[in-house]
Structure formats: structure tokens, C-alpha cells
Ligand SMILES: [Zn+2]
């Protein structure tokens with residue numbers, strides 16, 4: 001189905017937008033996206049990944065590699081060729097979905113560089129989810145957010161950005177005004193937020209964290225760089241709020257099952273994206289319930305004599 005709604009500003013997961021990116025994609029060669037920043041696109045195009053995963057090389061003499069990508073021989077060769085014998089200070093992973101972290105281990109061996117990341121997730125959490133997770137991911141250097149790594153022009157600040165995934169990190173390069181935004185904020189599509197590992201309250205808070213950096217540009221893990229970071233963040237926030245209203249409207253009309261809400265609100269999705277849309281609707285229902293519980297707590301507490309006294 002070719003509905004213009006699904007090409008609108010990258011605000012719904014769109015097979016058409018992914019297809020358009022694939023049509024112009026150049027795989028396996030470094031492409032400069034800013035001074036000292038090259039991107040090498042991995043050939044792992046899917047509905048979720050658009051044209052594939054962006055692996056960034058950051059720096060001139062000493063490099064950071066951001067998001068090694070899938071463990072694919074051609075991609076590994078392309079990254080090693082682009083490094084061209086330069087020193088690699090670290091391989092930085094945004095999160096351990098299968099399209100981001102599996103190349104970390106082979107690249108570490110090939111380039112003799114440590115792997116940085118938040119760390120994997122406990123086994124019991126992995127079992128709760130059927131997302132495409134790399135279960136073997138263990139960084140050499142664990143990050144929590146708040147650290148600064150490197151120095152000078154290529155100093156990166158680490159931001160912990162849960163919402164799409166609990167161990168998601170973004171990397172802020174203040175000297176260049178760029179945030180490497182992983183899957184959290186992209187230009188061609190919104191991200192997938194599927195409970196229990198995805199969480200919409202965290203997602204919105206994390207948008208604030210990225211926004212507060214004052215970054216001018218975003219370099220996402222999929223799709224083209226985003227040139228007006230603040231505008232894109234606000235656009236995505238407004239879209240999520242609009243979707244929240246739509247989902248709450250369905251709930252008030254007695255339509256409560258995610259699959260039925262998806263049928264009301266989305267069209268033109270592939271089966272895989274339909275499943276993702278169901279997950280996103282579940283995240284909106286979670287937010288609705290959290291707000292309701294908070295409102296009830298407030299009503300209870302404001303009815304207590306002590307609180308009434310304070311407000312009198
Ligand atoms: Zn992801």
C-alpha cells in the first residue's frame with residue numbers, strides 16, 4: 001500500500017522510507033559526513049535498520065569506532081581498510097541489539113582496541129524479550145553515562161539514554177556539536193519502543209538529555225545525519241504525544257487490546273513492523289497507566305489531613 005501518510009517526515013516505521021534509503025546506499029566504503037568523521041554502511045538492510053548500520057570512524061590519527069555493526073566479513077574488511085593502520089583508541093557500542101554490537105569482538109582482535117559499552121543485560125531480563133539481542137556482548141570497559149573519554153577535539157561525553165533499550169548509550173562530541181544518537185533519534189524513522197525493555201517514560205526523559213547537550217547535528221546508527229537536532233527532537237516528542245492522545249482515545253472508547261489499537265491507528269506496515277507497532281502501543285498504554293497511578297497517588301496524598309493543612 002502506498003499511502004503518503006507513511007512517507008511523512010520519518011515519523012512512522014516506513015518500508016517506503018527504508019526502500020528509498022536502500023536505493024541510494026553505498027556499502028563498504030568510507031563516506032565523510034563531517035571533518036574527521038567518516039561513516040561505513042553495513043549491508044544489513046531491514047525494515048528496522050533502513051539501509052543498514054552506520055559504523056562511524058571519528059578522529060584523524062587516533063580513532064574512535066562507534067557502533068561496529070553486524071559480524072559480517074565484508075563489513076569487517078571495509079572497516080579495517082578504512083582504519084588504514086591508524087591507532088584505534090576504542091570501539092564504542094551504543095547498545096547490544098544484533099545490528100550494533102556483534103562486530104565488536106572480531107574488530108577488537110583485528111585492531112587491538114578495547115571495547116566500550118554499558119554492558120550486557122542479565123539473563124533473566126533477556127528471557128523476557130524476543131528482541132534481536134546479542135547475548136554475548138561484554139565490554140572491556142563498562143560505561144554508565146556521565147564519563148568523558150578521550151581528550152581535546154575528539155573528547156566524547158557518554159550519555160546513558162534508556163527508552164529504546166535499557167543499556168543504550170549516546171556519545172556527545174562537544175567540539176563538533178554532534179551527538180552520535182544510536183537508535184534513539186534518527187531522521188528517517190522513529191525508533192521502536194517495545195516493553196519490557198523499551199520504556200516510553202525513559203524514552204521521553206532521554207530525549208531531554210540529548211536536547212540539553214545543545215547539539216546541532218545528530219549522527220544516528222541508521223540513515224542520514226540529522227542537521228537540525230533540536231527541531232528533530234521536538235518533532236519526535238510532538239509525534240509521541242500525538243500518538244499518546246490517539247491511544248488514550250482508543251482506550252476511552254473501550255478499544256484496549258494493542259492489536260486492535262494498531263488496526264485503528266496504523267496502515268501499510270509489513271508483518272514485522274506490525275509487531276513493532278503493537279509493542280509501541282503497549283508502551284503508550286504503560287505510560288497512560290503510570291500517569292493514572294501517579295494521579296491516584298496524588299489524590300490520595302492530597303486528601304490526607306497533613307497535606308490539606310499545608311494547602312489551606
Ligand atoms: Zn536497537
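The values are calculated or read from the model by the stated rules, or taken from the named source; none is laboratory data. Please read all numbers here as calculations on a predicted model, not as lab measurements. All Cβ positions, even for glycine, are placed from backbone atoms using ideal geometry, and neighbour counts span all protein chains on display.
Residue pairs, Cβ under 7 Å, 6 or more apart or interchain, first in the range 265-288 and at positive phi, second outside any helix (DSSP H, G or I). List them.
Listed by first residue and then by second, the contacts come to 268/1; 268/3.
Among the listed residues 98, 110, 92, 63, identify the single one that is within 22 Å of the chain's Cα centre (by Cα) and free of Cβ contacts under 8 Å to residues at least 40 places away in the same chain. Lay out the reasoning, then the answer.
On the way: 110 fails: within 22 Å of the chain's Cα centre (by Cα); 92 fails: free of Cβ contacts under 8 Å to residues at least 40 places away in the same chain; 63 fails: within 22 Å of the chain's Cα centre (by Cα).
Only one candidate qualifies: 98.
So if I check each of 157, 246, which one is modelled with pLDDT of 95 or more, more than 16 Å from the ligand (Cβ to nearest atom) and either buried (at least 19 other Cβ atoms within 10 Å of the Cβ) or part of a helix (DSSP H, G or I) (or both)? If you could, list the steps in order and put the result at the bottom.
On the way: 157 fails: either buried (at least 19 other Cβ atoms within 10 Å of the Cβ) or part of a helix (DSSP H, G or I) (or both).
Every option except 246 fails the conditions.
Filter the range 160-182 down to residues that are part of a loop (DSSP other than H, G, I, E, B) and away from the ligand (no atom under 16 Å from the Cβ) and give me whichever is surrounded by the most Cβ atoms within 10 Å (Cβ to Cβ).
Taking the range 160-182 as the starting set, the residues that turn out to be part of a loop (DSSP other than H, G, I, E, B) are 161-168, 174-177.
After this cut, where a residue has to be away from the ligand (no atom under 16 Å from the Cβ) as well, the list is 174-177.
On the way: 174: 15, 175: 11, 176: 18, 177: 14.
It comes out as 176.
Has the range 208-217 got any residue that is within 16 Å of the ligand (Cβ to nearest atom) and either in a helix (DSSP H, G or I) or farther than 21 Å from residue 37 by Cα (or both)?
yes
Within the range 113-133, track down each residue that is farther than 16 Å from residue 91 by Cα, in a loop (DSSP other than H, G, I, E, B) and under 19 Å from the mean Cα position of the chain (by Cα). Working first, answer last.
Step one: list which residues in the range 113-133 are farther than 16 Å from residue 91 by Cα, which gives 121-133.
Add one more test, that the residue is in a loop (DSSP other than H, G, I, E, B), and what stays is 121-122, 128-132.
Correct list: 121, 129, 130, 131, 132.
If we keep just the residues of the range 45-62 that are touching a helix residue (DSSP H, G or I) at 6+ places or on another chain (Cβ under 9 Å) and modelled with pLDDT of 95 or more, which is surrounded by the fewest Cβ atoms within 10 Å (Cβ to Cβ)? Walk me through it before giving the result.
Kept after step one, since they are touching a helix residue (DSSP H, G or I) at 6+ places or on another chain (Cβ under 9 Å), are these residues of the range 45-62: 45-53, 55, 57-60, 62.
Going one step further and asking which of them are modelled with pLDDT of 95 or more, we end up with 52-53, 55, 57-60, 62.
Numbers: 52: 26, 53: 28, 55: 27, 57: 22, 58: 26, 59: 20, 60: 11, 62: 15.
It comes out as 60.
Would you confirm whether any residue within the range 216-224 is within 25 Å of residue 197 (Cβ to Cβ), in contact (Cβ under 8 Å) with a residue 40 or more places away in the chain and outside the structural domain of residue 69 (by TED's automatic domain parsing)?
no
Can you tell me which of (1) assigned by TED's automatic domain parsing to the domain that holds residue 54; (2) in contact with a helix residue (DSSP H, G or I) (Cβ under 8 Å, 6 or more places away or on another chain); (3) surrounded by fewer than 18 Cβ atoms within 10 Å (Cβ to Cβ) is the one residue 208 doesn't meet?
Just one mismatch for residue 208, condition (2).
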